[in-house]
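Notes to accompany the following structure.
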Amino acid sequence: MRAILRRGLSTAMAAVLVGGLVVSCGGDDDEGGGSDGGPVELTVDVFGEAGYEEIVKQYEQSHPNVTVKLRKVSSLDEYKPRIQQWMSTGSGAGDVVMLEEGILPLYMQQANKFVNLFDHGGKELEKNFLPWKWQMGITQDGKQLVGLGTDVGPLAMCYRKDLFEKAGFPTDREEVGKLWPTWDDFLAKGKEFQEKVPDTKWLDGPTAVFRATVLQNAGNGPGYSFFDKENNLVFDSNPIVKQAFDTALKFEENKLTADMSIFTPPWQTALKRDTFATLPCPSWMLGGIEEFSGEAGKGKWDIATTPGGSGYWGGSWLAVPKQTKHEKEAVELAKFLTSPEGQVGAYKATKVFPSSPQAAQDPAVAEATSEYFNDAPVGKIFGELVASVKPVHLGPKNEDVRAAVENVLVSVGQGKQNAGEAWAKSVEEAEKAAR
């Protein structure tokens, strides 16, 4: 993220108009405004909840000739076909676009469609980002800076405190984390939980476990998952992928999940009910849980460490398509949104954890607590997890492969796919998706 949504959250659109005259640019073929100081409207394409509503208002106040329009969709899956169409046709994209980690490799191969931020003083911004986050926005030849990092997704485990109490489990976040040092321990606790609370599933679905364990295993192992660092498909030959698949499959075989995919309408509705008790949650997911659980969920959710101790999932970059009519203004806006100050502002709004070390050390982040999540010290929890993040190489077709394999896992829980044949089916589907 970003679900993942990196994020899958509100579909509301924010547009603050300054002055009476606005000239459209991103997503439109009209010329207008520009560096001469005339009125300019800049469109920013995002998915999920980026946390930009308030900080773009600040930007507009300091740039009175600029109006910023946030064009949002609820999830990455909804966003992907749109940006693919915009970039393939050469029109329709915003002046600034968000690129999530799963789709970033695809567009790094299309770097010629994006403004080189090195040409706009980008090099001097390197100090503002974690080294690996900065490097992932640069082409392999080192000549082009395509994107500036927004957030990162340190991974924790969110759990329903009230349902744990109902099962007779510990509810203190420190004690809860000790229940599952490994994913096998997490599986065993799930079986125990459902024996005691049979009307609630342990997990939302297999997809979050699969994503989390793939990245955990890859980070602790070869540094890649479905594709090696030369972008060859190694789904069937990379043992860490099979290990992650088998882990997720166990939860399906034991009927421990609600067979839901994250950010879908049924998943959003389930958060308001007692449908499931745990949810692997990168920092950016907290805003979605709060939004869809609503006021009734306040104080019911809490945050513990994830099995395996650490990991990450999601995070995004901002890039400027060459199709923008206002390159200079768009670049300046992207710089602002990804600056330490911009990242602190986004964090205050939606708890998307900064990729800027300076922002992460800001008291507004480092000392942050969440009243919604039982006053959990979210700044401390996710700040400590970020320090242990090990980045993973993702191939250009990573998202296509991931989605295809997750469909197989969900189909097992739905009774549509034999568990014993699920791996072979996943290999088949991965090969199709990678073509």
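Within the span defined as region 240-254, every residue fails to be closer than 20 Å to Ala304 by Cβ and surrounded by fewer than 19 Cβ atoms within 10 Å (Cβ to Cβ).
Among the residues that make up region 391-403, is at least one of them out of contact with any Ser or Thr (no Cβ under 8 Å at 6 or more places or on another chain), of a type outside the set (Gly, Ala, Ser) and buried (at least 22 other Cβ atoms within 10 Å of the Cβ)? Checked region 391-403: at least one residue is out of contact with any Ser or Thr (no Cβ under 8 Å at 6 or more places or on another chain), of a type outside the set (Gly, Ala, Ser) and buried (at least 22 other Cβ atoms within 10 Å of the Cβ).
Every test in (1) on the phi < 0 side of the Ramachandran plot; (2) assigned to a loop (DSSP other than H, G, I, E, B); (3) touching a strand residue (DSSP E or B) at 6+ places or on another chain (Cβ under 6 Å) is passed by Phe263 save one, and that test is (1).
Residue by residue, here is whether (1) at pLDDT 95 or above; (2) out of contact with any Asp or Glu (no Cβ under 7 Å at 6 or more places or on another chain); (3) not in a strand (DSSP E or B) holds:
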position	(1), (2), (3)
Gly38	no, yes, yes
Thr43	yes, no, no
Val46	yes, yes, no
Glu49	no, yes, yes
Ile55	yes, yes, yes
Glu60	yes, yes, yes
Thr67	yes, no, no
Arg71	yes, no, no
Glu78	no, yes, yes
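Among the residues of region 224-234, are any of a type in the set (S, T, N, Q), farther than 21 Å from Pro105 by Cβ and surrounded by fewer than 18 Cβ atoms within 10 Å (Cβ to Cβ)? No, that holds for no residue.
If we scan region 302-323, do we find a residue that is over 30 Å from Leu187 (Cβ atoms) and open to solvent by 20 Å² or more (accessible area, probe 1.4 Å)? Among the residues of region 302-323, at least one is over 30 Å from Leu187 (Cβ atoms) and open to solvent by 20 Å² or more (accessible area, probe 1.4 Å), which makes the answer yes. Whenever a residue of region 38-52 is at positive phi, its partners that are part of a loop (DSSP other than H, G, I, E, B) and among the β-branched types (Val, Ile, Thr), lying with C-beta atoms within less than 9 angstrom and at least six residues away or across chains, give the pairs Gly48/Val352; Gly51/Val352.
Taking the condition surrounded by fewer than 20 Cβ atoms within 10 Å (Cβ to Cβ) and over 25 Å from Lys229 (Cα atoms), does Lys416 pass? Yes; evaluated as a whole, the condition is true for this residue.
Just the residues that are assigned to a loop (DSSP other than H, G, I, E, B) and either crowded, with 18+ Cβ neighbours inside 10 Å or touching a helix residue (DSSP H, G or I) at 6+ places or on another chain (Cβ under 6 Å) (or both), please, taken from region 336-384.
The answer is Ser339, Lys351, Val352, Phe353, Ser355, Ser356, Asp362, Glu367, Ala368, Tyr372, Phe373.
Scanning region 86-104 for residues that are part of a helix (DSSP H, G or I) and under 20 Å from the mean Cα position of the chain (by Cα) yields a single hit, Leu104.
Within region 100-157, being closer than 17 Å to Val386 by Cβ and among the β-branched types (Val, Ile, Thr) holds for Thr150, Val152. Name every residue in region 258-301 that is polar (S, T, N, Q) and open to solvent by less than 40 Å² (accessible area, probe 1.4 Å), in order of residue number. The answer is Gln268, Thr275, Thr278, Ser283, Ser293. Residues of region 283-298 include none that is within 25 Å of Ala167 (Cα to Cα), at pLDDT 95 or above and touching a Ser or Thr at 6+ places or on another chain (Cβ under 8 Å). For the condition open to solvent by less than 50 Å² (accessible area, probe 1.4 Å) and part of a loop (DSSP other than H, G, I, E, B), what is the one hit in Leu187, Leu155, Leu163, Leu179? Result: Leu179 is the single residue among Leu187, Leu155, Leu163, Leu179 that is open to solvent by less than 50 Å² (accessible area, probe 1.4 Å) and part of a loop (DSSP other than H, G, I, E, B). Here's a check for you: in region 190-207, which residue that is part of a loop (DSSP other than H, G, I, E, B) and not charged (D, E, K, R) is farthest from Ala156 (Cα to Cα)? Here the answer is Pro198.
Residue by residue, here is whether (1) surrounded by fewer than 20 Cβ atoms within 10 Å (Cβ to Cβ); (2) in contact with a helix residue (DSSP H, G or I) (Cβ under 6 Å, 6 or more places away or on another chain) holds:
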position: Met98; (1), (2): no, no
position: Gln109; (1), (2): yes, no
position: Leu117; (1), (2): no, no
position: Gly122; (1), (2): no, no
position: Glu126; (1), (2): yes, yes
position: Trp132; (1), (2): yes, no
position: Gly137; (1), (2): no, no
position: Val146; (1), (2): no, yes
position: Gly149; (1), (2): no, yes
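The values are calculated or read from the model by the stated rules, or taken from the named source; none is laboratory data. Just so it is clear, the model here is predicted, and its values are computed rather than measured. Cβ: placed from backbone, ideal geometry, glycine included. Neighbour counts: every protein chain shown. Surface accessibility is based on the protein's heavy atoms, side chains included, excluding ligands, DNA and RNA. Shrake-Rupley method; radii C 1.70, N 1.55, O 1.52, S 1.80 Å.
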